[in-house]
1. Lys and Arg at +1, Asp and Glu at -1: add these up for the other residues within a Cβ distance under 14 Å of Leu11 and post the number.
2. To the nearest 0.05, how large is the calculated FRET efficiency for Arg34 and Ile78 if R₀ is 25 Å and r is the Cβ-Cβ distance?
3. Please give the contour-minus-distance gain from Asp13 to Glu56: 0.36 nm per residue of separation, less the Cα-Cα distance, rounded to one decimal in nm.
4. Before I look further, what does the chain give for accessible area per residue, probe 1.4 Å, in whole square angstrom?
5. Taking semi-axes √(5λ) of the Cα gyration tensor in Å straight from the coordinates, which label in (1) 21, 15, 11; (2) 26, 13, 10; (3) 31, 14, 9 is the correct one?
6. Mind checking the full-extension length gain between Lys4 and Ala90? Use 0.36 nm per residue of separation minus the Cα-Cα distance, one decimal, nm.
7. Could you tell me how many degrees, from 0 to 90 and to the nearest 10, lie between the Cα long axis of helix 19-38 and the main elongation axis, the longest principal axis, of the Cα atoms of the chain?
8. Placing unit charges on C-beta atoms (Lys and Arg positive, Asp and Glu negative, everything else neutral), compute the dipole magnitude of the chain about its Cα centre in debye, rounded to 20.
Amino acid sequence: KEWKGYLYLSLVDCTGHGVPGALVSMLANMYLGRAFIELENPDPAKILTYISNAIEKELRLVDSMHARVGMDVACVRIDFRAMKMEYAAAFS
């Protein structure tokens, strides 16, 4: 995604089989998009924290799924003008 002069790239692998894995994948995609709306300055660490907190909150509603799903994620933000890259990851 290009956003305010930066290029953002994310790689997400949601674990879990069948419906639980698909649900986490859909939630991750939804909250990744919402991070750019909700966060003032979405750097990679803030994006991952936002997604993690949002999905954790959603999965508390379906307590039995919580132990069976997970997510490995990496996020980078590239500033081509300054030739800098920021990176954050969880389990990647």
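1. Result for the neighbourhood of Leu11: 0.
2. Working from the Cβ atoms, E equals 0.75.
3. 13.9 nm
4. 66
5. Recomputing semi-axes √(5λ) of the Cα gyration tensor in Å here gives the entry labelled (2).
6. Gain on extension, Lys4 to Ala90, equals 28.5 nm.
7. Helix 19-38 sits at roughly 30 degrees to that axis.
8. Roughly 140 debye for the chain.
The values are calculated or read from the model by the stated rules, or taken from the named source; none is laboratory data. These figures come from a predicted structure and were not determined experimentally. As a convention, Cβ positions derive from the backbone with ideal geometry for all residues, glycine included, and neighbour counts pool all protein chains shown. All accessible areas refer to the heavy atoms of the entire protein, side chains included, with ligands and DNA or RNA removed. Shrake-Rupley method; radii C 1.70, N 1.55, O 1.52, S 1.80 Å.
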